[in-house]
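Taken together, the values in this text are just the output of simple stated rules run on the coordinates, not laboratory data. Bear in mind the structure is a predicted one, so any value in this text is a computation, not a measurement. Glycine also receives a Cβ, built like all others from the backbone with ideal geometry; neighbour counts cover every protein chain displayed.
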Amino acid sequence: MAKLKISELQAERLKYKPTLPGIFKNGPASIKPVFEKPTKSISDQETVQKLFPNTYGMPMVNFRKGKNQEISKKTVTVGVVLSGGQAPGGHNVIAGLFDGLKKTNTKNKLIGFLGGPSGILENKWKEITSQLLNEYRNTGGFDIIQSGRTKIETPEQFEQTKKNLIDNKINALVVVGGDDSNTNAALLAEYFKREKVNISVIGVPKTIDGDLKNKQIETSFGFDTATKIYSELTGNICRDVNSARKYWHFIRLMGRSASHIALEVGLKTQPNIVLIGEEVLAKKMTLSQVVDGIVDIVVKRAETKKNFGVVLIPEGLIEFIPEMKELISALNDTLAENEEILKSMANIEEKKNLIHTKLPGNLASLMISLPNTISSQLMLDRDPHGNVQVSQIETEKLLVSMVKKKLSELKKDGKYTGKFSTIAHFFGYEGRCGAPSNFDANYTYSLGYNSAVLAINGLTGYLSSVRKLTKKAGQWECGGIPLTMMMNIERRKGKEKPVIKKALVELEGIPFTTLLKNRDVWAVTESYIYPGPIQYFGPYSVTDMTTVTLKYEQK
Ligand code: FBP
């Protein structure tokens, strides 16, 4: 077979040797797991404990130096699955996992399930070999085995998973995913324990959204690279704006349920307006108040002849506006309850008319008042975890049209004399498969290696945890945290379910308060910063810098 053509940069990146935390220097057989105190779920303890009687309350694990030769005597087969949206560094998780397994025992085997969790259900997999991996080390994407959003949820699916893993003689399954996929990992770990099946389940924290984090999981992988890519793009737009001085750019940034991406990109580029969903929710702002806030700044800038600027909008903004949140939540339930009848309707208007009759009056009126495209986008299928697909809702265009309308009213009253030409953008898919930054290349490789150590030690229901991330990679600390510790009860698809709680932007945290302190100045001046592209070669301060969010959170 002809060899695939690769770019010069990729060829150089394939040679990059990720730095592992010092604890891994002599391999897994010289590491001992040290157990801390029993843990509790972050809330709803009684209910979560009842749902996870076999895996609830497990202690956190830290890895320390110590003889552990026994693990080299066993031969294990591990399965790995990439679940959910792509995030830079997924290939290095697999590389770290593979190297950790082989370093323990060269006979250990790694197989990758294809296309996400559906690969487990359909028993589609391929063996990961060093030859295969050598083409993927330090590259972006999940294409080595692809990803998918199938949720393993019915009793039949759990049974099928058990059967396929047993048939393939798998000792451990590593699930690389976000909060929903790791919730699924926790359910699987509990199920295997209940069924007395000796298969470990280990999670790896992935998502560009950055909302799978806590004290022990300082960041999810991919957030670093994706935000660096969006910051480069946003910085370039700021510079274009400052050069041409004729457009207002409205940029929606991915981040479904939390605004970490918008905040990070805002801090790195200092545009005129950065909307943060969590603030909108805390202040219980209506859609019209959000629009008024933008209008005020547009008018103020126009008074000094500045008819240009940049606005950042988190993708999930719409779900943070209380009235919209209420509408979406009612829609989630109504769509789930009327699934069958809606399926039989071909026409979207017909579907909307039915839904309007099922919604409470105030919510039906709100839905009817929205532009047609937006109300149709709100009706789109939920993902398998019951989330509305906000990546497909064009909030930036909704805001542009509402701001335009208000400005034209002000113009009529002689309160605005400026010009408002706009360009709308959505940055999401552009960043999810970028070649991992040095930080993400090291972090993902370490997370993968760490998951191998957890699995080989027979631990189950743990999330791979690599900490102290603002230090150099060699000084990072490693271990595992029980998945049940991160859980609470939430309403999904119309039912109360145990799920890993998403980490939202903290309004008292340094990242947000830094924005707060500066945003009035950024609104009226051109304080733009142009971060430029990710650097893979050059001075350490440039190649290995972490996100501003991580730096501030670890202060
Ligand atoms: P994960 O939570 O699975 O990592 O995905 C996050 C994300 O990138 C969101 O930012 C975005 O809303 C969503 O995926 C898009 O999903 P899809 O890839 O299915 O279009």
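General observations
- For the chain, averaging the sequence separation of C-alpha pairs within contact (under 8 Å, six or more residues apart) and dividing by the residue count gives a relative contact order of 24 percent.
- Going by neighbour counts of Cβ atoms within 10 Å, the residues R137, R252, R149 line up, fewest first, as R149, R137, R252.
- Cβ charges +1 (Lys, Arg) and -1 (Asp, Glu), total dipole of region 392-469, debye: 520
- Remark on F221: its backbone amide H falls under 5 Å from those of K206, T207, a criterion applied only to residues 5 or more positions apart or on other chains, H modelled at 1.01 Å from N.
- Amide H contacts for G479 (H built 1.01 Å from N in the peptide plane; partners 5 or more residues away or on another chain; cut-off under 5 Å): F63, S465.
- Calculated from backbone phi, Karplus (6.51, -1.76, 1.60) coupling profile of region 492-507 in Hz, x at Gly/Pro: 10, 6, x, 10, 6, 9, x, 9, 5, 6, 6, 8, 8, 5, 8, 6
- With contacts taken as Cα pairs under 8 Å and at least 6 residues apart, region 18-115 reaches a relative contact order of 31 percent.
- Segments 220-231, 47-58, 305-316, 528-539 sorted - mean Cβ within 10 Å per residue, highest first: 220-231, 305-316, 47-58, 528-539
- Computed from phi, the 3J(HN,Hα) profile of region 428-439 under the Karplus parametrisation 6.51, -1.76, 1.60 (θ = phi - 60°) reads x, 5, 4, x, 6, 10, x, 4, x, 4, 4, 4 Hz, with x in place of Gly and Pro.
- Look at the dipole of region 386-512 built from charges on Cβ: of L407, A424, S437, the Cα furthest out on the positive end belongs to L407.
- Rg followed by Dmax, in Å, when the chain is reduced to its Cα trace: 24.3, 82
- Since only L366, S72, G89 are under comparison, the one whose Cα sits farthest along the positive direction of the charge dipole of the chain, derived from C-beta charges on Lys, Arg, Asp and Glu, is S72.
- The relative contact order of region 88-164, computed from alpha carbon pairs under 8 Å that lie at least 6 residues apart in sequence, is 38 percent.
- Counting only DSSP beta bridges with both residues in the chain, the antiparallel share comes to about 40 percent.
- Electrostatic dipole magnitude of the chain [Cβ: Lys, Arg +1; Asp, Glu -1; Cα centre; debye, to 20]: 1460
- Among beta bridges that DSSP assigns inside region 1-146, antiparallel share in %, nearest 5: 70
- Positive-end residue of M545, N457, L516, charge dipole of region 426-555 with Cβ unit charges: N457
- Residue-wise HN-Hα couplings along region 407-413, as the Karplus relation 6.51 cos²θ - 1.76 cosθ + 1.60 with θ = phi - 60° gives them from phi, are 5, 5, 5, 5, 4, 4, 7 Hz; Gly and Pro carry x.
- Charging the Cβ of each Asp and Glu at -1 and of each Lys and Arg at +1, and nothing else, the dipole of region 71-146 about its Cα centre rounds to 440 debye.
- Database remark: amide H of R492 closer than 5 angstrom to the amide H of K497 (H placed geometrically; neighbours at sequence offset of 5 or more, or on other chains; Pro and chain starts carry no H).
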